[in-house]
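Student: Before we start, here is the structure in question, set down as structure tokens.
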Amino acid sequence: MKTIFLWRAVGFVTAILSGYLIGHVIVLARYFDWLIANGYASMLEDTYAVFRVEGDPVTPYIGSFFIQFLLAIALLITGLRQRKRFGAHKLAMAACAVLALPLTMFVFTVSGFHHVEHHVMAATDLSESTLETWLAMNVPLHVLSAALYVAAAMMIVFTEPPRRNTLHRSH
């Protein structure tokens with residue numbers, strides 16, 4: 001029963017995050033791009049940077065991704081302990097759920113966008129070169145992140161969880 005619950009929990013939380021990321025790509029990322037492209041980047045300094053400090057949306061945002069990551073790690077460990085029950089296919093699905101966050105972080109870090117995103121959202125560097133980099137990378141990298149989470153969620157959600165073998169031996 002614990003394995004089925006964990007399988008469903010990982011699927012549920014990963015699906016919620018993929019929905020959040022899709023919404024981010026459709027609305028928030030494009031809104032920030034619109035502000036910047038239309039010369040309103042200073043509004044980020046007057047509004048979002050202040051909200052980011054006073055409202056602290058970053059802690060629950062990051063926390064939700066770490067909850068998913070930890071649940072997915074627990075599922076993968078369970079799967080490794082129960083290899084026969086999971087099989088290679090379901091172990092691979094659990095691994096994909098684990099890898100969504102590290103792969104996103106890797107791409108954001110290696111591309112340099114992690115620093116650009118921090119500087120723009122905190123309004124600590126709104127230089128022309130930083131804003132140009134933002135406009136070039138913001139939506140595409142968030143689309144990639146959303147795709148990783150959607151793929152991981154779909155693998156888990158649309159696959160039956162590993163179940164105990166219910167076949168009985170005949171005497």
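The values are calculated or read from the model by the stated rules, or taken from the named source; none is laboratory data. Just so it is clear, the model here is predicted, and its values are computed rather than measured. Because the Cβ atoms are built from the backbone with ideal geometry, glycine has one as well, and the counts that use them run over all protein chains shown. With ligands, DNA and RNA removed, areas are computed over all heavy atoms of the protein, side chains included. Shrake-Rupley method; radii C 1.70, N 1.55, O 1.52, S 1.80 Å.
Student: How many residues are surrounded by fewer than 19 Cβ atoms within 10 Å (Cβ to Cβ) and in a helix (DSSP H, G or I) if we restrict to region 92-116?
Tutor: Residues flagged as surrounded by fewer than 19 Cβ atoms within 10 Å (Cβ to Cβ) and in a helix (DSSP H, G or I) within region 92-116 amount to 12.
Student: Out of (1) within 27 Å of L71 (Cα to Cα); (2) in a helix (DSSP H, G or I); (3) polar (S, T, N, Q); (4) in contact (Cβ under 8 Å) with a residue 60 or more places away in the chain, the odd one out for T159 is which?
Tutor: (2)
Student: Moving to a separate point now. Any residue at all in region 5-16 that's open to solvent by 90 Å² or more (accessible area, probe 1.4 Å), without any contact (Cβ under 8 Å) to a residue 24 or more places away in the chain, within 30 Å of A136 (Cα to Cα) and of a type in the set (F, W, Y)?
Tutor: No; the residues of region 5-16 include none that is open to solvent by 90 Å² or more (accessible area, probe 1.4 Å), without any contact (Cβ under 8 Å) to a residue 24 or more places away in the chain, within 30 Å of A136 (Cα to Cα) and of a type in the set (F, W, Y).
Student: Which members of region 77-91 meet the condition of being among the aliphatic types (A, V, I, L, M) and either open to solvent by less than 40 Å² (accessible area, probe 1.4 Å) or in contact (Cβ under 8 Å) with a residue 24 or more places away in the chain (or both)?
Tutor: Correct list: L91 only.
Student: Something else: Which pairs have Cβ atoms under 8 Å, sit 6 or more apart or on different chains, and link a residue in region 44-64 that is β-branched (V, I, T) to one that is modelled with pLDDT under 95?
Tutor: Matching pairs, first to second residue: V58/R52.
Student: Hey, among the residues in region 33-69 that are hydroxyl-bearing (S, T, Y) and in a helix (DSSP H, G or I), which one's farthest from the chain's Cα centre (by Cα)?
Tutor: First pass over region 33-69, keeping only residues hydroxyl-bearing (S, T, Y): 40, 42, 47-48, 59, 61, 64.
Subset that is in a helix (DSSP H, G or I): 42, 47-48, 59, 61, 64.
Numbers: S42: 28, T47: 25, Y48: 21, T59: 14, Y61: 10, S64: 9 Å.
Out of the qualifying residues, it is S42.
Student: Among the residues of region 65-76 satisfying the criterion of being without any contact (Cβ under 8 Å) to a residue 40 or more places away in the chain and open to solvent by less than 70 Å² (accessible area, probe 1.4 Å), which is nearest to A153 (Cα to Cα)?
Tutor: Ranking the candidates gives F69 first.
Student: With respect to G19, determine if the residue is touching a residue at least 60 places away in the same chain (Cβ under 8 Å) and within 30 Å of P162 (Cα to Cα).
Tutor: Against the criterion (touching a residue at least 60 places away in the same chain (Cβ under 8 Å) and within 30 Å of P162 (Cα to Cα)), G19 does not qualify.
Student: Then there's this: Scanning for something over 15 Å from W7 (Cα atoms), assigned to a helix (DSSP H, G or I) and modelled with pLDDT of 95 or more, does region 78-87 turn up at least one residue?
Tutor: No, region 78-87 contains no residue that is over 15 Å from W7 (Cα atoms), assigned to a helix (DSSP H, G or I) and modelled with pLDDT of 95 or more.
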